[in-house]
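Written out below as structure tokens is the structure these notes cover.
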Amino acid sequence: MAFVTSRLAPRRPAALAGDRQMRALALRMALVLALIVVMLFSLGWGAASGIDVPGALAAKAGIGTASLRDMAIVWDIRMPRMVTGALVGAALAVSGTVMQGLFRNPLADPGLVGVSAGAGFGAVAAIVLGGFLPVAVQAATGAALIPLAAFLGGWASTLVLYKIATRGGHTSVATMLLAGIALGALTGAVTGFIVYRASDDQLRDLTFWGMGSVAGATWAKLLAAGPIIVLTLISAPFLARALDALALGEPVANHLGVDVQRMKRLAILSVAASVGACVAITGGIGFVGIVVPHLLRLVQGPVHRLLLPNAAILGAIVVLLADMISRTVVAPAELPIGIVTAVLGGPFFLWILLKNRAILEM
């Protein structure tokens with residue numbers, strides 16, 4: 001009888017936590033292996049055929065030789081593209097995880113803090129109005145003008161939003177959400193006016209840039225934005241404990257010793273820096289920040305200490321796979337990645353919305 005009772009008794013929280021941790025670690029190992037495979041496929045995937053990827057990699061390491069054509073394609077075109085896609089995917093997924101933890105809402109997205117709209121405005125202004133800048137400024141910035149303008153636009157919009165939502169030393173998440181919608185609409189209107197004044201050549205650049213792409217990735221762009229993205233990825237796990245406490249409510253988090261206001265400030269600025277750098281080098285890529293963290297929560301639970309690293313890996317995989325699809329669907333031309341992620345992420349977002357409809361109607 002005692003044996004039957006023990007079998008029927010609910011499992012202890014410690015046992016459940018142990019199971020979740022083991023599941024998350026096993027999933028992390030599988031994701032790392034999948035990421036390595038996808039990276040190798042990404043290096044060999046493209047319009048140019050017959051590329052000796054292993055030979056080019058070995059030649060770079062000083063083992064053997066490879067043709068100049070293979071070295072140029074692998075190291076100057078595909079390698080920066082692959083690294084950019086992996087970093088941007090990881091940053092978007094981690095930013096989405098942080099935002100969902102901060103807002104305590106599975107539908108939250110990095111775009112809520114206004115960084116995407118602000119970065120888009122900065123890039124559009126640079127593309128259309130950059131020719132009116134002084135010659136010295138154009139010469140000094142060169143190809144970095146558009147990424148720099150996008151990054152500064154994202155940061156500026158986030159700081160304005162943070163200032164609006166903060167009163168008496170307290171940042172209201174609800175105010176930030178509503179102000180973010182309003183600021184996004186205002187920024188979109190001004191961006192639309194600038195686009196209306198663009199030339200045909202500029203419109204083509206704006207269309208491709210606005211939908212997101214890693215086709216123009218270079219080592220120079222990576223050196224400019226990569227350190228910012230890497231720094232935010234490294235710092236994100238330090239927010240894990242605070243985000244877990246915040247899930248219980250702000251009063252409980254304060255009682256647990258979490259400086260909630262400081263955590264909000266760090267989370268918002270981190271997301272702004274990360275997403276601003278991503279938009280600066282790839283344009284807008286949607287749905288990664290929503291789909292990846294929510295999918296992982298279904299598999300391994302909501303503990304951020306385990307969720308954030310896995311979100312980074314899965315986000316990198318998703319963007320690299322989307323990039324490979326974008327190179328294939330209309331080959332030899334390329335689709336913007338934003339179209340691919342929207343086609344894949346849109347239905348998933350609707351499913352999340354319907355699943356949480358009862359909560360949203362409260």
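The values are calculated or read from the model by the stated rules, or taken from the named source; none is laboratory data. Predicted model only: the values in this text are computed from it and were never measured. Backbone-built Cβ (ideal geometry, glycine too); neighbour counts: all protein chains shown.
List of remarks:
- Sub-7 Å Cβ pairs linking a first residue in the range 331-342 that is closer than 18 Å to Met82 by Cα and surrounded by 17 or more Cβ atoms within 10 Å (Cβ to Cβ) to a second residue that is among the charged types (D, E, K, R) and modelled with pLDDT of 85 or more, at least 6 apart or interchain, are Glu334/Arg327; Ile337/Asp323, ordered by first then second residue.
- Within the range 216-226, the presence of a residue that is in a helix (DSSP H, G or I) and of a type in the set (Ser, Thr, Tyr) is excluded.
- Of all the listed residues (Ala236, Ala215, Ala220, Ala165), the sole one being over 25 Å from Gly338 (Cβ atoms) and either at pLDDT 80 or above or of a type in the set (Asp, Glu) (or both) is Ala165.
- No other residue among Val319, Val271, Val260, Val288 is more than 16 Å from Val88 (Cβ to Cβ) and either of a type in the set (Val, Ile, Thr) or under 11 Å from the mean Cα position of the chain (by Cα) (or both) apart from Val260.
- Residue in the range 314-323 that is charged (D, E, K, R) and surrounded by fewer than 24 Cβ atoms within 10 Å (Cβ to Cβ) present: no
- Picking from residues in the range 204-215 that are in contact with a helix residue (DSSP H, G or I) (Cβ under 7 Å, 6 or more places away or on another chain) and not in a loop (DSSP other than H, G, I, E, B), the one that is nearest to Val74 (Cα to Cα) is Trp209.
- Single residue of the range 150-170 satisfying the filter (polar (S, T, N, Q) and surrounded by 21 or more Cβ atoms within 10 Å (Cβ to Cβ)) that is nearest to the chain's Cα centre (by Cα): Thr158
- Among residues of the range 75-87 that are within 15 Å of Ala47 (Cα to Cα), those with a Cβ under 8 angstrom from a residue that is crowded, with 24+ Cβ neighbours inside 10 Å and among the β-branched types (Val, Ile, Thr), sequence gap 6+ or separate chain, pair up as Arg81/Val214.
- The range 38-59: number of residues that are over 24 Å from Ile317 (Cβ atoms) and touching a helix residue (DSSP H, G or I) at 6+ places or on another chain (Cβ under 9 Å): 4
- Checked across the range 23-41, the condition of being surrounded by 12 or more Cβ atoms within 10 Å (Cβ to Cβ), modelled with pLDDT under 80 and within 24 Å of Ala90 (Cα to Cα) holds for no residue.
- Lone qualifier among Ala156, Ala150, Ala126, Ala140 - being farther than 14 Å from Ala280 by Cα, among the aliphatic types (A, V, I, L, M), assigned to a helix (DSSP H, G or I) and out of contact with any Ser or Thr (no Cβ under 8 Å at 6 or more places or on another chain): Ala140
- Every pair of residues 6+ apart whose Cβ atoms lie under 6 Å, when the first sits in the range 175-199 and is more than 14 Å from Val124 (Cβ to Cβ) while the second is surrounded by fewer than 20 Cβ atoms within 10 Å (Cβ to Cβ) and at pLDDT 85 or above: Ala179/Ile164
- Checking each residue in the range 159-173 for being assigned to a loop (DSSP other than H, G, I, E, B) and in contact (Cβ under 8 Å) with a residue 24 or more places away in the chain picks out only Gly169.
- Single condition Ile51 does not satisfy, out of (1) of a type outside the set (Asp, Glu); (2) more than 21 Å from the chain's Cα centre (by Cα); (3) at pLDDT 85 or above; (4) buried (at least 18 other Cβ atoms within 10 Å of the Cβ): (3)
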